[in-house]
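Following: one structure in structure tokens, then a few remarks.
The values are calculated or read from the model by the stated rules, or taken from the named source; none is laboratory data. Not measured: the values here are computed from a predicted model. As a convention, Cβ positions derive from the backbone with ideal geometry for all residues, glycine included, and neighbour counts pool all protein chains shown.
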Amino acid sequence: MNERWRYVAASAGLVADDGRVRPTIFAEMSALAARTGAANLGQGFPDEDGPEWIRELAVESIRGGRNQYPPGRGDAALRAAIAEHERVRYGLDFDPEREVLVAAGATEALTSAVLALAGPGDEVLTLEPFYDSHAAAIAMAGAAHTTVPLVPGAEGFRLDVDALSAAVSPRTRVILINTPHNPTGTVLSREELAAIAAAAARVDAVVVTDEVYEHLTFDGAEHHPIATLPGMRERTVTISSAGKTFSLTGWKIGWACGPEQLIEAMLAIKQFLTYSGGAPFQPAIARALSEGGSDIEALRRSLDHRRELLLDGLQRAGFTVMRPSGTYFICADASPFLSETVPDGDAFARRLPEQAGVACVPVSAFCRAGSPTAEALKNWVRFTFVKDEATLLTAIERLLARR
Ligand code: PMP
Ligand code: GLN
């Protein structure tokens, strides 16, 4: 049997000692939390569903007969709403007929982009830590995965710009970035984005940018799509999704915007992954994107409050925390709690549910096994604050009790 599947699983660190494929770290920690009754601050999904009026629209779509395949590129009203959102919010103009593609979540859009644009002999450069599906998509494409670190310091996790210049090569076909960034909570600055843009232009690489947390920023941090930088619209695929913006992660409605040639390349792949999906959800998300501004702002404010709550609680419990400017996540250094028997963040995260009744995720799961970044961040863990206040308070109480 061909072993490509094993190589893909290994790229995300998911081959167990016995050779079987392990579930993702998110699924594993959620299962452990369920088994031990722990407060689940591991897997990043909201425990409150998105706005009722949006859910009602999907129900109406099902009753109203929107139950067969939608068009391969996506529902026309949704593509129009996505293009309008990009124009109003960022001043980016995309033709909804040719430059917008709806996908089964950001995940399918990301995988389609990487499969369409890179193959054996090519390099795809990502940030490190990176979201797990980025590594898996690169492995599926048979391309080589290179990385540039985000380094913790006084200003949060910041891009190592010198390492970026060294990491791009003439074989770099795609630079795959993510801002606001999971797991660090970094919102890349204009200067960092300009460095990435310059590197991409230098080796004529395409930038694929994962912006699923585009609306979830705090402390006045501003999200800049890299496509808005001079010269970048023509070499960038911008990917987002409704999952995080409207707390509807199970609907799996995502999209990509970019120049026609790149969207066409993605379509060639995407139409043989799912072809299309989510028929009743697409018109509901079209309306949500055009009329849901106040819901997005309410979510952002509520998350901001929960972020402060968890930051304060983790600090009181003895963690050194990094204040995130975006996303659902706080990274914390667990060094004060490590010992000979619990030597790193991975061991800490695996023990914590049973020991303290709280689940988190080790940051090493977002790194390549044995890489310098994995080594540098081996004591770090990620907690999510996209849980209701009662769950956060329970988690904090439990962490304080074990001091
Ligand atoms: N990218 C990042 C950085 C994410 O955190 C997630 C999901 N949590 C995704 C992509 C996947 O998005 P979707 O559910 O729309 O496929
Ligand atoms: N993106 C979510 C996280 O980072 C998890 C999504 C998943 O389970 N694949 O926690």
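Quick check on my filter: what residues within the stretch 258-270 are touching an Asp or Glu at 6+ places or on another chain (Cβ under 6 Å) and under 27 Å from GLU291 (Cβ atoms)?
Passing the criteria: only ILE263.
Residues in the stretch 77-136 that are acidic (Asp, Glu) and within 20 Å of the chain's Cα centre (by Cα): GLU86, GLU108, GLU128, ASP132.
So, ILE285, is that one touching a residue at least 40 places away in the same chain (Cβ under 8 Å) and either surrounded by fewer than 19 Cβ atoms within 10 Å (Cβ to Cβ) or out of contact with any Gly (no Cβ under 7 Å at 6 or more places or on another chain) (or both) or not? Spelling it out, ILE285 is indeed touching a residue at least 40 places away in the same chain (Cβ under 8 Å) and either surrounded by fewer than 19 Cβ atoms within 10 Å (Cβ to Cβ) or out of contact with any Gly (no Cβ under 7 Å at 6 or more places or on another chain) (or both).
Checked against (1) in contact with a strand residue (DSSP E or B) (Cβ under 7 Å, 6 or more places away or on another chain); (2) buried (at least 21 other Cβ atoms within 10 Å of the Cβ), LEU193 passes all but a single condition, namely (1).
Just checking, which of PRO280, PRO230 is under 19 Å from ARG66 (Cβ atoms) and more than 15 Å from ligand 1 (Cβ to nearest atom)? Steps first, answer last, please.
Details: PRO230 fails: under 19 Å from ARG66 (Cβ atoms).
It is PRO280.
ALA154 satisfies every condition listed in (1) touching a residue at least 12 places away in the same chain (Cβ under 8 Å); (2) surrounded by fewer than 22 Cβ atoms within 10 Å (Cβ to Cβ); (3) small (Gly, Ala, Ser) except (1).
Look at GLU128 and say whether it is in contact with a Cys (Cβ under 8 Å, 6 or more places away or on another chain), more than 16 Å from ligand 2 (Cβ to nearest atom) and among the acidic types (Asp, Glu). No. Summed over the stretch 79-134, the residues that are of a type in the set (Asp, Glu) and either within 13 Å of ligand 1 (Cβ to nearest atom) or in a helix (DSSP H, G or I) (or both) give a count of 4.
Got a sec? Which helices (runs of 4 or more DSSP H) wholly within the stretch 163-273 have at least 1 residues that are touching a Pro at 6+ places or on another chain (Cβ under 6 Å) and at pLDDT 95 or above? It would help to see each step written out before you state the result.
Numbers: elements: 190-203, 242-245, 260-270.
Output list reads 190-203.
Regarding THR186, is this residue within 16 Å of ligand 2 (Cβ to nearest atom), of a type outside the set (Gly, Ala, Ser), crowded, with 21+ Cβ neighbours inside 10 Å and in contact (Cβ under 8 Å) with a residue 40 or more places away in the chain? So THR186 fits the description; yes. Only one entry in LEU92, LEU78, LEU110 is more than 16 Å from ligand 2 (Cβ to nearest atom), of a type in the set (A, V, I, L, M, F, W, C) and within 28 Å of THR172 (Cβ to Cβ), namely LEU92. Restricting the stretch 170-179 to residues that are closer than 19 Å to THR373 by Cβ and touching a strand residue (DSSP E or B) at 6+ places or on another chain (Cβ under 6 Å) leaves a set whose member that is nearest to ligand 2 (Cβ to nearest atom) is ASN178. Kindly indicate whether ARG98 is closer than 22 Å to ARG190 by Cα and out of contact with any Leu (no Cβ under 7 Å at 6 or more places or on another chain). Judged against the criteria, ARG98 is not a match.
Yes/no matrix, rows are residues, columns are (1) farther than 24 Å from HIS145 by Cα; (2) surrounded by fewer than 24 Cβ atoms within 10 Å (Cβ to Cβ); (3) within 16 Å of ligand 2 (Cβ to nearest atom):
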| position | (1), (2), (3) |
| --- | --- |
| LEU338 | yes, yes, no |
| ASP344 | yes, yes, no |
| GLN355 | yes, yes, no |
| ALA359 | yes, no, yes |
| SER364 | no, no, yes |
| ARG368 | no, yes, no |
| LYS378 | no, yes, no |
| VAL386 | yes, no, yes |
| THR394 | yes, yes, no |
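I'd like to know if the stretch 276-298 contains one or more residues that are closer than 17 Å to HIS215 by Cα, more than 21 Å from the chain's Cα centre (by Cα) and not in a helix (DSSP H, G or I). Yes: one or more hits.
Among the residues of the stretch 12-57, those that are within 16 Å of ligand 1 (Cβ to nearest atom), assigned to a helix (DSSP H, G or I), surrounded by 13 or more Cβ atoms within 10 Å (Cβ to Cβ) and of a type outside the set (Phe, Trp, Tyr) comprise ILE25, GLU28, MET29, SER30, ILE54. Could you tell me whether the stretch 78-90 includes any residue that is surrounded by fewer than 18 Cβ atoms within 10 Å (Cβ to Cβ) and within 20 Å of GLY278 (Cα to Cα)? Checked the stretch 78-90: at least one residue is surrounded by fewer than 18 Cβ atoms within 10 Å (Cβ to Cβ) and within 20 Å of GLY278 (Cα to Cα).
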